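Data first, discussion second: the structure below is written as structure tokens.
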Amino acid sequence: MSKPTNVFRIDIEPSDEHPNRHSTHGWQVRVKRHNEQHTKYFSDKKFGGKESALEESVEYRDDLLEELPPPQDPVKKSALARSKTGVIGLNFCHKDDGSGTLKPYVQISWLEEDGARRSAAFSVNKWSLDRAVWKACQQLYEARQSQDRDAPEPEEMYQTAIPKIVEQHRRLTRKARARGNDVDVSSMPDPDEFDPDSVAVPE
């Protein structure tokens, strides 16, 4: 029988180094979905032997996989891990518009069907942070929907991104000022006073 996926053999015996260790023999099902680990142990003794315990564990695994959502696309998972806003394709940055002062912008980027990369930027000073992020989320959602791609709803993207952007603004401002750059913070909320629970989609 080939080695089943998501099912792992456990054989533990007392040793000279660990004489009080309990003897443990069985199979453990381990399935991870969206950063949540699902595990269950099947003892040889409880299920009538090694092969019977394996059969039970495989049956449980099959039922579990049917109930759980499909695994996340590895490309999306990697992109999400790199995203500082928690939303793939949406970023926050400070840019010098020629005045010599760094100003806050919300940026989005996406791929068209022909593989061409598109981008857009929204000035926080012009729109306010709430509306800049909301407009960015709406445009990003529309761009992905036009290609029949799975994408979170704009409201979900917005709720995810805002708190992370405020914290990112804090870090970027600190680094910029350490380098001697001026940063315009007039349109940004104070990170020390920001309440994540107060985040609401603009009307």
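The values are calculated or read from the model by the stated rules, or taken from the named source; none is laboratory data. These figures come from a predicted structure and were not determined experimentally. So basically every Cβ, Gly included, is an ideal-geometry build from the backbone, and we count neighbours across all protein chains shown.
Which ones in segment 84-99 are assigned to a loop (DSSP other than H, G, I, E, B) and not hydroxyl-bearing (Ser, Thr, Tyr)?
If the condition is that a residue be assigned to a loop (DSSP other than H, G, I, E, B) and not hydroxyl-bearing (Ser, Thr, Tyr), then Lys84, Gly86, Val87, Ile88, Gly89, Asp97, Gly98 are the ones that fit.
Within segment 6-44, track down each residue that is in a loop (DSSP other than H, G, I, E, B), surrounded by 11 or more Cβ atoms within 10 Å (Cβ to Cβ) and modelled with pLDDT under 95.
Asn6, Pro14, Arg21, listed by residue number.
Looking at this structure, is Glu113 part of a helix (DSSP H, G or I) and not aromatic (Phe, Trp, Tyr)?
no
Could you check how many residues of segment 14-44 are acidic (Asp, Glu) and either touching a strand residue (DSSP E or B) at 6+ places or on another chain (Cβ under 8 Å) or under 21 Å from Glu59 (Cβ atoms) (or both)?
Of the residues in that region, 1 qualify.
Need the failing condition index for Asp97 against (1) at pLDDT 90 or above; (2) exposed (fewer than 14 other Cβ atoms within 10 Å of the Cβ); (3) not aliphatic (A, V, I, L, M), just the number.
(1)
Regarding Ser23, is this residue more than 19 Å from the chain's Cα centre (by Cα), more than 30 Å from His169 (Cβ to Cβ) and among the hydroxyl-bearing types (Ser, Thr, Tyr)?
Spelling it out, Ser23 is indeed more than 19 Å from the chain's Cα centre (by Cα), more than 30 Å from His169 (Cβ to Cβ) and among the hydroxyl-bearing types (Ser, Thr, Tyr).
I'm trying to understand the selection: among the residues of segment 124-181, which are part of a helix (DSSP H, G or I), out of contact with any strand residue (DSSP E or B) (no Cβ under 9 Å at 6 or more places or on another chain) and more than 16 Å from Val201 (Cα to Cα)?
Lys126, Glu142, Gln145, Glu167, Arg170, Arg171, Arg174, Lys175, Ala178
Starting from segment 175-187, take each residue that is farther than 13 Å from Cys93 by Cβ and list its partners that are assigned to a loop (DSSP other than H, G, I, E, B) and among the small types (Gly, Ala, Ser), counting only C-beta distances under 8 angstrom and pairs at least six apart or across chains.
Hits for this filter: Asp182/Gly100; Ser187/Ser128.
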